[in-house]
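K.L.:
Please find one structure pasted underneath; my questions will follow.
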Amino acid sequence: MKAWPSARADAQRNRDTIFVEDATVTDVATFPGDQYVLRLLAPETARRAVAGSFVHIRCDAAIPMRRPLSIMRADPGGGWIEILFKIVGSGLRSLGHRQPGDVMSVLGPIGNGFQPSRERPHSLLIGGGVGIPPMVFLAETLWRDDYAWQPLVLMGSEIPFPFAAVTSRIRTGWLDEAVISAMPLLEEWRIPSRLASSAAFAGTFRGHVTSLARQWLAAQSVEELRLCEVFACGPAPMLAATAALAQEFGLPCQVALEEYMACAVGGCAGCTVLVQTDDGPAMKRVCVDGPVFDAASVYPPPLLPDARCRSGASRE
């Protein structure tokens, strides 16, 4: 098995791309389920952030370990970024107590982002729980790009969503009309979105977000599937299910992984995952080699009895 690159090689590769800056909290929004959205004035990070990258934040001066958090939005002109997080420990609990005007140390932006292919403009974005932020960032990136992207954003959560859902004005022909709840920000951008949950929230699809994705994919023609590409971020079981779904329909798929991190710059190798490469299996660090990977390299497809799923011929 191949070893990871040296720390010195990473230092050269990441030079002038990752910055430490004092970020000022400008806005705090709270949502049910101990969820928070913080807007931070962090000009260097905002200028270089891409959909899929993240920041490493010092939550409190008394807590030495930083926390990795995905960037949900970034405005290079305004110099701000937004992060979404759910309280799961002392560090994020301290971060949830931050108020406008507070200053904290931010290391970022870190990691390789999503790379949509213009040959496949029908982008299916799947976000689960705290995996929602990269999908919002990617959706906004596609919306701002002067190209004929046609994204669909599907989000799943078993706790209340970190926004006040609205009734979508964008109708679908592939889904029951009762499934009508959407994210308000995406509605503003005229990007169709739908929500899934097993908690039976009003207007949501009852079940896993990957089941909702399957329903959309099954409604596409063979020609339409050839224009599709899948992007996802969320819990590992959801990503594995998404990778299997993409493989079933013969689609390329990129996933953003979530792992515990110590340094987040490739030095400690504490966030490694096994990845299949052209040269064989290798250990890759989620922080600097990812967090975005080709789904099939992290979740290798099983041997298929025939080639129908690989080619999409089963849909004909």
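The values are calculated or read from the model by the stated rules, or taken from the named source; none is laboratory data. It should be emphasised that the depicted structure is a prediction, and the values quoted were computed from it without experimental measurement. Cβ placement follows ideal geometry from the backbone for every residue including glycine, while neighbour counts extend to all protein chains displayed.
K.L.:
Let me spell it out: the conditions are (1) more than 16 Å from the chain's Cα centre (by Cα); (2) modelled with pLDDT under 95, and CYS228 meets all of them except one. Which number is the exception?
P.N.:
(2)
K.L.:
Filter segment 26-59 down to the residues that are in a loop (DSSP other than H, G, I, E, B) and small (Gly, Ala, Ser), then identify the one that is nearest to ALA139 (Cα to Cα).
P.N.:
Residue satisfying both the conditions and the ranking: ALA51.
K.L.:
Oh, and also: Could you check GLN276 against (1) in contact (Cβ under 8 Å) with a residue 40 or more places away in the chain; (2) assigned to a strand (DSSP E or B); (3) out of contact with any His (no Cβ under 9 Å at 6 or more places or on another chain) and say which number it fails?
P.N.:
(1)
K.L.:
Being at pLDDT 95 or above and part of a loop (DSSP other than H, G, I, E, B) is the filter; apply it to segment 61-85 and report the residue that is nearest to the chain's Cα centre (by Cα).
P.N.:
So the residue we want is PRO76.
K.L.:
Determine if segment 202-220 includes at least one residue that is in the same structural domain as VAL130 (by TED's automatic domain parsing), in contact with a helix residue (DSSP H, G or I) (Cβ under 9 Å, 6 or more places away or on another chain), in a helix (DSSP H, G or I) and of a type in the set (Lys, Arg).
P.N.:
yes
K.L.:
Right, something else. Going through segment 138-195 one residue at a time, which ones are charged (D, E, K, R), surrounded by fewer than 21 Cβ atoms within 10 Å (Cβ to Cβ) and outside any loop (DSSP other than H, G, I, E, B)?
P.N.:
Correct list: GLU140, ARG144, GLU187, GLU188.
K.L.:
CYS287: more than 17 Å from the chain's Cα centre (by Cα), at negative phi and either at pLDDT 95 or above or not in a strand (DSSP E or B) (or both), yes or no?
P.N.:
No; evaluated as a whole, the condition is false for this residue.
K.L.:
Additional query: Select from segment 1-40 the residues that are of a type in the set (S, T, N, Q) and either in contact with a helix residue (DSSP H, G or I) (Cβ under 6 Å, 6 or more places away or on another chain) or at pLDDT 90 or above (or both) and list them in ascending order.
P.N.:
THR24, THR26, THR30, GLN35
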